[in-house]
Amino acid sequence: MILLTGSTGLIGSALLPKLLERDKVAALYHKSPPKITHENLIVVKGDLANPDSLLALDSGGISQEITEVIHSAGVINLSSSDKTRQECLDTNLTGTANLLHYMEDRGVRRLKYVSTAYLNGQNDYEKSKMLAERMVIGMVLAKNSWAAILKPSIVIGEYPSGALPDDIKPGAFYQFVGAIARVHENAEKIRRKAEHTMHLPPKEPVIHIKGNPEGTLNLIPVNTVADAILSIDSPGVYYLTNPDPPKLSDLAVWVGELVNARIVFETEPKLSWIDKLLARLTKDFSPYLQGNDKFPSDISCPTVDREFIQRSLKHLGY
């Protein structure tokens, strides 16, 4: 039996049906249970931050059947606040520590830990994942356990449809695009009204964003990540990243076509009041627009191109 944490998250939702095709699964969830039903599925409510809640896995002899843990649970929040910091620490760090202790006590020695490729310490999320990854490595060294540390980049909708699993909240990339769409829509209403009132000639809307146009954004489909996790059968560290990610300059064109605006990434842009508003709304994602995500990759990935990105965004109403 496989214990899957984060079974209702983005990666967990993609993993669960694939896992059920090959093994029995104990799916740990925090708030709402998985909607899928299957004869191989056991759902267990639990909060990793509370070690006592993991005792629910002992009922019915579940823990005695567990041979492997896939730990995909985690808080992904790029903002900086006391609340965010505590949430990241509780789930990503304390929750991982509680799970490792539970595994040790129950004699489970095989772990696939979903970390992140982004461990630059740019926010509390990255810092918490960095500390948790070190904890997993420490467990392997101290206990001679089996562990695969899995480091995905920015996970988006499945390929080729671009869709997210049901009930999954759009992640940071989609929120970034959503902010662009909202700010542009509201600014356009103001601009058109001013042009009509003052009899001004129409002007092409341009959105300026601070970022490296020649840099890349490492986007990877969720089903590519899920398939890679399932295929890994040796301990080690694996980068589940896109070996040929799209340039920001290309993403600007593809997103701009959907929102009917010209988007320009510049390293030192001259920002209008509209651009400044957008910059404030997207400040948490800004560090990821500087072209610093040059990762190794241990997997193949379908091409993240214009058609795929636009299909994915259209699923969210853009």
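Descriptive notes on the structure:
- Residue, surrounded by the fewest Cβ atoms within 10 Å (Cβ to Cβ), within the range 207-256, restricted to residues that are farther than 29 Å from residue 281 by Cβ and among the aromatic types (Phe, Trp, Tyr): 239
- When residue 254 is tested against (1) touching a helix residue (DSSP H, G or I) at 6+ places or on another chain (Cβ under 6 Å); (2) more than 16 Å from residue 173 (Cα to Cα), just one condition goes unmet, and that condition is (2).
- Boolean, residue 285 is hydrophobic (A, V, I, L, M, F, W, C) and farther than 19 Å from residue 182 by Cα: no
- For residue 261: the one exception among (1) of a type in the set (Gly, Ala, Ser); (2) at pLDDT 95 or above; (3) closer than 24 Å to residue 306 by Cβ: (2)
- Test for residue 164: is it at pLDDT below 95, touching a Leu at 6+ places or on another chain (Cβ under 9 Å) and not acidic (Asp, Glu): yes
- Restricting attention to the range 257-310, the residues that are surrounded by fewer than 13 Cβ atoms within 10 Å (Cβ to Cβ) and part of a helix (DSSP H, G or I) total 4.
The values are calculated or read from the model by the stated rules, or taken from the named source; none is laboratory data. As the structure is a computational prediction, the values presented were derived from the model and not from experiment. Because the Cβ atoms are built from the backbone with ideal geometry, glycine has one as well, and the counts that use them run over all protein chains shown.
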